[in-house]
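The values are calculated or read from the model by the stated rules, or taken from the named source; none is laboratory data. Not measured: the values here are computed from a predicted model. Positions of Cβ are generated from backbone atoms using ideal geometry, with glycine treated the same way; all protein chains shown enter the neighbour counts.
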Amino acid sequence: MDTRAGTLLIACGALAREIAALKRANGWSALEVRCLPAQLHNRPERIAPAVQEAIRENRGRYARMFVVYGDCGTRGALDAVLAAEGIERLPGAHCYEFLATPALFAELSEAEPGTFYLTDFLLRHFERLVVRTLGLDRHPELAGEYFRNYSKLVYLSQAPREGAIDAARQIAARFGFEFEHRYTGYGELGTRLAALAVSQEAPAWPA
């Protein structure tokens, strides 16, 4: 008898709050989550090795795994690891695409290629992850160089939060961007996790 636990989600830390909200709202007790540091996005070459390490550390403990990342700048390295390990991930290049859904993201990208995207996570941590990481708190004059190819900011929101749209609008004004808000909810993140939670058809790998 296979005594391993159900499904482990190996997830980007930038999605931790969203995954927790989905689990709580839907009672997905069979899905367990291990989040890797969101800061890996600053060094995308480290994402694939970190995911592979997490897979190998947990394979004997779980009947199934699923990776909650896009390609996230790994240039195919993450997909190569997942193909070797026999694990699936969310579709798309990054969280903007699977939260917005590919169709909406393609529409937004075609309308204005020079778009800077915010999610709820990035909005909450904008000063730490963008301003301080890029040194804009010390050298604000560098903003013109960093963002010279951008003309628009699109805030893709996952959950309503008081003051969030105004905060996103202020960031757009700070850098001289046109502003647009799109409420996306959880997009394909919610759809795929729901399928994982309810599906009993996918076989577990051999023990």
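The condition (being among the charged types (D, E, K, R), surrounded by fewer than 16 Cβ atoms within 10 Å (Cβ to Cβ) and assigned to a loop (DSSP other than H, G, I, E, B)) is satisfied by just one residue among 24, 75, 56: 75. Within region 1-12, the set of residues being touching a helix residue (DSSP H, G or I) at 6+ places or on another chain (Cβ under 7 Å) and either at pLDDT below 95 or of a type outside the set (Gly, Ala, Ser) (or both) comprises 7, 8, 9, 10, 12.
What about residue 54, is it aliphatic (A, V, I, L, M), touching a strand residue (DSSP E or B) at 6+ places or on another chain (Cβ under 6 Å) and in the same structural domain as residue 9 (by TED's automatic domain parsing)? Even if it seems obvious, please write down each step before you answer.
Values: aliphatic (A, V, I, L, M): yes; touching a strand residue (DSSP E or B) at 6+ places or on another chain (Cβ under 6 Å): yes; in the same structural domain as residue 9 (by TED's automatic domain parsing): yes.
When the stated conditions are applied, residue 54 passes them.
Going residue by residue through region 123-136, is there one that turns out to be assigned to a helix (DSSP H, G or I) and either on the phi > 0 side of the Ramachandran plot or more than 22 Å from the chain's Cα centre (by Cα) (or both)?
From region 123-136, those assigned to a helix (DSSP H, G or I) are 123-124, 126-132; that's our starting set.
If we keep only those that are either on the phi > 0 side of the Ramachandran plot or more than 22 Å from the chain's Cα centre (by Cα) (or both) too, we end up with none.
There is no residue in region 123-136 that is assigned to a helix (DSSP H, G or I) and either on the phi > 0 side of the Ramachandran plot or more than 22 Å from the chain's Cα centre (by Cα) (or both).
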